[in-house]
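Step one of this worksheet: look at the structure below.
The values are calculated or read from the model by the stated rules, or taken from the named source; none is laboratory data. Computed from a predicted structure; not experimentally measured. Positions of Cβ are backbone-derived with ideal geometry, glycine not excepted, and every protein chain shown enters the neighbour counts.
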Amino acid sequence: MEASVFPVSFRERFQNLLPAIDRALQATVLPHLPENLRQPIEYFLSLPGKKIRPLLTLSACEVVRGEWAPALPAAIAVELFHDFTLIHDDIMDQDALRRGYPSLHVKYGDSLAILVGDALIGLAYQQLMKVPAPALEPATRIFTEALVKVCEGQALDKAFESRQTVSVEEYLDMIGKKTAWLFRAACALGGICGGGNEKTVHRLAEFGFHLGLAFQIQDDLLDVIADPRQLGKEVGSDFRMDKKTYVTLKYQAVLAERPEATRTYPAQAADYPHFDAFRQALQELGVVEAVQADADFYLRRTQELLSTVAPLEEANPLSAITRFLEHRQY
């Protein structure tokens, strides 16, 4: 089932890291686990994915230390953490597909999917405990802080569903916790495992945080404009669920700045009869370009932060990841 989701140039740049991540992930599935737990874990870990977060951890370590191997346990912990959030998120949103395949709760049921998510966070901590001292204490603190922040972000996301209005600033705070904080932790963990000093680790963390904001804004936009075959799921799922996203909030902000447009365009995304009509309005009002410009702003900020840690030449793996995300279509 495992298939590459990367262009050839990206795979070549990370030809050592990606296979190492995949092998280490498969090795986390303990043989003594009950079959009805082990089998769905193996299924989920076999799904094709970008592995961006563990790549960030290994790359941050490489930038600081010149090698990535010391950060492998932390990188695997980060990916297992991420998988835990995906499984539970799919249950909450009732998403039928994940990475182009049936979501875990669709294939195995809600109860077992919840259990698998719980098991993955336990396996993540088992991996994290392999980080040697003196890096273990700060690594555990950052990892645990990220876990709490992600849960805070998910709670805010659910709370937004029952609110009539949400500001762009409130949404940025939510995705900062739900998405960007794990990017932040991934980069900080790599810096810690690489022996970076406090200043370097902080800058790597800020780099990761801004990259995470850009990533989520892009995700919201891709749900509107992407090719569903590349995305691995239907586009417009957020629209159909009436979810508040950066795109829908930016749409409302654009209308607020252009009162005359309200005579032609509905006040909210939910007022459109179908997704294609909403997507056309986004293009006509320039919302797509505005959202992409905001994502580009955070991507530029990542480059500024990264330049204070290491040169931005082609050899810098973090810079290579940023460039890939800048042009991603899925």
*Being under 30 Å from residue 47 (Cα atoms), touching a residue at least 12 places away in the same chain (Cβ under 8 Å), of a type in the set (A, V, I, L, M) and touching a helix residue (DSSP H, G or I) at 6+ places or on another chain (Cβ under 8 Å) narrows it down to one of 287, 291, 309, so name that one.*
291
_Index of the failed condition, residue 50 passing every other in (1) more than 21 Å from the chain's Cα centre (by Cα); (2) of a type outside the set (Gly, Ala, Ser); (3) at pLDDT below 90_ = (1)
*Kindly indicate whether residue 79 is of a type in the set (D, E, K, R) and surrounded by fewer than 16 Cβ atoms within 10 Å (Cβ to Cβ).*
no
*Residues of the range 52-67 satisfying the condition of being part of a helix (DSSP H, G or I), farther than 9 Å from residue 318 by Cα and not charged (D, E, K, R)*: 52, 54, 57, 58, 61, 64
*asked:* Looking for something loosely packed, with under 14 Cβ neighbours inside 10 Å, in a loop (DSSP other than H, G, I, E, B) and touching a helix residue (DSSP H, G or I) at 6+ places or on another chain (Cβ under 8 Å) - is there at least one such residue anywhere in the range 107-130?
replied: yes
*Total residues in the range 26-44, condition modelled with pLDDT under 95 and either under 20 Å from the mean Cα position of the chain (by Cα) or not in a helix (DSSP H, G or I) (or both)*: 6
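Could you check how many residues of the range 70-106 are of a type in the set (Gly, Ala, Ser) and not in a helix (DSSP H, G or I)? Walk me through it before giving the result.
Restricting attention to the range 70-106, the residues satisfying the condition of being of a type in the set (Gly, Ala, Ser) are 71, 74-75, 77, 96, 100, 103.
Those left that are additionally not in a helix (DSSP H, G or I): 96, 100, 103.
Final tally of qualifying residues: 3.
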*asked:* Where the second residue is part of a helix (DSSP H, G or I) and of a type in the set (Val, Ile, Thr) and the first is over 17 Å from residue 186 (Cβ atoms) and lies in the range 213-227, which pairs have Cβ atoms under 7 Å and are six or more apart or on separate chains?
replied: 217/291; 220/247; 221/247; 221/288; 221/291; 224/247; 225/288
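Please enumerate the residues belonging to the range 255-284 that are aromatic (Phe, Trp, Tyr) and touching a Leu at 6+ places or on another chain (Cβ under 9 Å). Explain how you work it out, then say what you get.
Residues of the range 255-284 that are aromatic (Phe, Trp, Tyr), as a first pass: 265, 272, 275, 278.
Of everything in the range 255-284, just one residue is aromatic (Phe, Trp, Tyr) and touching a Leu at 6+ places or on another chain (Cβ under 9 Å), namely 265.
Would you kindly identify the helices (runs of 4 or more DSSP H) lying entirely within the range 225-330 that contain at least 2 residues that are among the aliphatic types (A, V, I, L, M) and out of contact with any strand residue (DSSP E or B) (no Cβ under 8 Å at 6 or more places or on another chain)? Talk me through it step by step, then tell me what you get.
Details: elements: 228-231, 237-240, 246-257, 275-285, 287-307, 317-326.
Passing ranges, in order: 246-257, 275-285, 287-307, 317-326.
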